[in-house]
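Novice: Structure in C-alpha cells, see below.
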Amino acid sequence: DSDDGTEVVNYTKSNYASPNEAYFGAAEGMNVVYLHLESFQTFLMDYELNGEEVTPFLNSLIGEENTMYFDNFFHQTAQGKTSDAEFMLENSLFGLPKGSAFITKGQNTYQAAPALLKDRGYTSAVFHGNNGTFWNRSEIYKSFGYDHFFDIESYTNLTDQDMAEYGVMDKPFFEQSAPLLESLPEPFYSKFITVAHHFPYKIDPALTTIEKAATGDASVDNYFQTARYADEAIEQFFTQLEESGLADNTMVVMYGDHYGISDNHNAAMSQLLGKEITPVENTKLQRVPLFIHVPGMEGGVNHTYGGQIDLLPTVMHLLGVDTQNNVQFGTDLLSPEHEELVTFRNGDFASPEIYAVGEQFYNPETGLPIEDEKQLEIAENLQEHGTYELQLSDRVVNGDLLRFYTPPGFEPIDPADYNYQVDPA
Ligand code: GP9
Ligand code: MN
C-alpha cells in the first residue's frame, strides 16, 4: 500500500507535549542508567509483610530529595512481557497486540534512545545475565543502535547459587557488571535487565532475608523473598555507583516491567491486601514503580498518570534533548501538557477520573460503574483517542514506516555496523 506515515507524523507532532522548563536539561550531559525491575508492582512499595517492609531500600528513595517517584505509573505490556516494556521505553511505540515486536519486527528501522543520543556523544550498552538471543535481543539491539550488549558470556565463575531461572542472580550480576560499566566512555546510556525476581520466584533459602507470605498460593507466597533480594541488589548497585565516582554524574531510572502476579491469583492477593480485587483494584495492580533519580534535581512523589510509553520523551527532555520531530506516542510525564491517559494494549485505559475495563467504565474512587451521560461521553472520547494511537503505532511497526521518515539531523542506524560477539580469549 501507499502508507508513507504522513498521518502518523502529523499526529505525533500535534500530540507533542512541550517540556517543563523547570526540568528540561536537569540531567544534561549525564550518564543514564536504567534498571529494569523484573516483575515489580507498585503495591510492593511501602507494603509490609508480617510487619516488615519488603523493599526497604526502594522505600527509602520515596521522598528522597533528588528522586522523583511516580505512584500512578502503569505497565502497558502484552504477550511480549519484558520485551514489550523494553520496546516502549526505547522507542515510545506500543508493543504489538499479539506476540513480541522484538521477535517479529527485529529488522525494522527504529529511532530508539541509543540512536537519538549518538550525536550527543553517548555510548550505549545493555547488561543482561541471560542468553543474548532471548527475545531476539542480540538482533533488535543492533537496530536500536546499541553499541554494546553484555549477555551471559560476560559473566564468569558462576556457582549454582548465582543462577536464577533466566540468568545470573542480581547481586553477582551487578557486581560483575561494575568493571564493564566503568570501562565505558562517558557519557553512557545503559540498561540493566534483572532476573532474580521473575516468576516462579525461586530462590536459594540461604539467600533470603524475610519470610514467605502464607496465603497457600505458592506463586504469591514466594513473590516477596525475591523482591527483597532484588531490593538488596539495587542498594548494592547504588553503593557501587557511589564507590566508582559515577553517582554524581549519573541519572538512574528504575521501572517495573509488568505484573508479577496475574489476575489468576486475585483470591490470594485479596487476602494480602485486605480488600476485594474488583476490576478497578485489578487495574490499580497494573501500576509499576517508576523512580527517576537525577543528582541536583528536585524530587518528590508525583501522582501523574502515565505509562511506559511516556518514558522516552520524559528522559530525553531531562537530558535536554527535544522530541518535537520524533515519532513517539508517549509524552513527557513532567510536561504541563502531558495528557493523563494510560492506554492498555487491549484498549482498556486508566485516567485519574475514569477507568475502562472490558465494556464498562468505572469511577476509580468508588469502584462503581459510571452512569452519568456526560462522564460516559468523556470516557468514550478518551477510549477513541487511545485506540487511535494504538492503531497508528501498529501501522508504524507493521509497515516499518520509520524507513520513510528521518527526523531532521538524525543519522539513521545501520544494524550491520554492530556486532556483540565477545572475542575468544
Ligand atoms: C529473560 C527475561 C525475562 O531474558 O528478560 O523475560 P519475561 O519472561 O519477563 O518476558
Ligand atoms: Mn519481565
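The values are calculated or read from the model by the stated rules, or taken from the named source; none is laboratory data. Source: prediction; values computed, not measured. Every residue, glycine among them, receives a Cβ derived from its backbone with ideal geometry; neighbour counts consider all protein chains shown. All accessible areas refer to the heavy atoms of the entire protein, side chains included, with ligands and DNA or RNA removed. Shrake-Rupley method; radii C 1.70, N 1.55, O 1.52, S 1.80 Å.
Novice: Considering each of SER14, SER18, SER39 in turn, give the residue that is within 16 Å of ligand 1 (Cβ to nearest atom) and polar (S, T, N, Q). Reasoning before the result, please.
Specialist: Values: SER14 fails: within 16 Å of ligand 1 (Cβ to nearest atom); SER18 fails: within 16 Å of ligand 1 (Cβ to nearest atom).
Answer to the selection: SER39.
Novice: Which of the residues that make up region 329-351 are surrounded by 23 or more Cβ atoms within 10 Å (Cβ to Cβ), among the hydroxyl-bearing types (Ser, Thr, Tyr) and closer than 19 Å to ASN363 by Cβ?
Specialist: THR343, the sole residue that qualifies.
Novice: Which pairs turn up if I take residues in region 185-212 that are in contact (Cβ under 8 Å) with a residue 24 or more places away in the chain and open to solvent by less than 30 Å² (accessible area, probe 1.4 Å) and look for partners that are part of a loop (DSSP other than H, G, I, E, B) and within 16 Å of ligand 2 (Cβ to nearest atom) with beta carbon separation below 6 Å, at least 6 apart in sequence or on another chain?
Specialist: THR194/GLU38; VAL195/GLU38; VAL195/TYR166; ALA196/MET169; HIS197/GLU38; HIS197/SER39
Novice: Any idea how many residues of region 78-92 are more than 9 Å from ligand 2 (Cβ to nearest atom), open to solvent by 10 Å² or more (accessible area, probe 1.4 Å) and touching a residue at least 60 places away in the same chain (Cβ under 8 Å)?
Specialist: 1
Novice: Look at PHE43 and say whether it is in contact with a strand residue (DSSP E or B) (Cβ under 9 Å, 6 or more places away or on another chain), open to solvent by 20 Å² or more (accessible area, probe 1.4 Å) and outside any loop (DSSP other than H, G, I, E, B).
Specialist: yes
Novice: For region 236-262, give me each residue that is more than 16 Å from ligand 1 (Cβ to nearest atom) and under 12 Å from the mean Cα position of the chain (by Cα).
Specialist: VAL253 - this is the single residue of region 236-262 that is more than 16 Å from ligand 1 (Cβ to nearest atom) and under 12 Å from the mean Cα position of the chain (by Cα).
Novice: The conditions are (1) more than 18 Å from the chain's Cα centre (by Cα); (2) within 16 Å of ligand 2 (Cβ to nearest atom), and PHE174 fails exactly one of them. Which is it?
Specialist: (2)
Novice: HIS265 - would you say it is in a loop (DSSP other than H, G, I, E, B) and at pLDDT 95 or above? Walk me through it before giving the result.
Specialist: Numbers: in a loop (DSSP other than H, G, I, E, B): no; at pLDDT 95 or above: yes.
No.
Novice: Look at region 47-61 and say how many of its residues are touching a strand residue (DSSP E or B) at 6+ places or on another chain (Cβ under 7 Å) and either over 21 Å from THR194 (Cα atoms) or of a type in the set (Lys, Arg) (or both).
Specialist: Residues meeting the conditions: 0.
Novice: Here are some residues: THR314, THR304, THR323. Which one is touching a Leu at 6+ places or on another chain (Cβ under 7 Å) and assigned to a loop (DSSP other than H, G, I, E, B)? Steps first, answer last, please.
Specialist: Numbers: THR314 fails: assigned to a loop (DSSP other than H, G, I, E, B); THR323 fails: touching a Leu at 6+ places or on another chain (Cβ under 7 Å).
Step by step, each of THR314, THR304, THR323 is checked, and only THR304 is touching a Leu at 6+ places or on another chain (Cβ under 7 Å) and assigned to a loop (DSSP other than H, G, I, E, B).
Novice: Within the set of pairs 6+ apart or on separate chains, which have a first residue in region 404-425 that is open to solvent by 100 Å² or more (accessible area, probe 1.4 Å), a second that is modelled with pLDDT under 95, and C-beta atoms under 6 Å apart?
Specialist: Correct list of pairs: PHE404/ASP4; PHE404/GLY5.
Novice: Right, something else. From GLU186, GLU175, GLU235, grab the single residue that is over 23 Å from ARG137 (Cβ atoms) and part of a helix (DSSP H, G or I).
Specialist: Every option except GLU235 fails the conditions.
Novice: Further, regarding this structure: Can you give me the ranges of the helices (runs of 4 or more DSSP H) entirely in region 50-150 with at least 1 residues that are away from ligand 1 (no atom under 16 Å from the Cβ) and within 30 Å of VAL280 (Cα to Cα)?
Specialist: Once the helices (runs of 4 or more DSSP H) in region 50-150 are filtered for at least 1 residues that are away from ligand 1 (no atom under 16 Å from the Cβ) and within 30 Å of VAL280 (Cα to Cα), what remains is 56-61, 81-91.
Novice: Tally time: how many residues in region 36-53 are touching a Lys or Arg at 6+ places or on another chain (Cβ under 8 Å) and within 16 Å of ligand 2 (Cβ to nearest atom)? Spell out how you get there, then give the answer.
Specialist: First, the residues of region 36-53 that are touching a Lys or Arg at 6+ places or on another chain (Cβ under 8 Å): 36, 41-43.
From the residues that got through so far, the ones that are within 16 Å of ligand 2 (Cβ to nearest atom) too are 36, 41-42.
Result for region 36-53: 3.
Novice: Tell me whether region 105-125 contains one or more residues that are closer than 30 Å to ARG228 by Cα and either open to solvent by 20 Å² or more (accessible area, probe 1.4 Å) or within 16 Å of ligand 2 (Cβ to nearest atom) (or both).
Specialist: No: zero hits.
Novice: Can you find, within region 25-38, the residue that is surrounded by the most Cβ atoms within 10 Å (Cβ to Cβ) among those that are touching a strand residue (DSSP E or B) at 6+ places or on another chain (Cβ under 7 Å) and either hydrophobic (A, V, I, L, M, F, W, C) or on the phi > 0 side of the Ramachandran plot (or both)?
Specialist: LEU37
Novice: Only one residue in ARG228, ARG137 is open to solvent by 10 Å² or more (accessible area, probe 1.4 Å), under 23 Å from the mean Cα position of the chain (by Cα) and among the basic types (Lys, Arg). Which one?
Specialist: On the way: ARG137 fails: open to solvent by 10 Å² or more (accessible area, probe 1.4 Å).
Going through ARG228, ARG137 in turn, just one is open to solvent by 10 Å² or more (accessible area, probe 1.4 Å), under 23 Å from the mean Cα position of the chain (by Cα) and among the basic types (Lys, Arg): ARG228.
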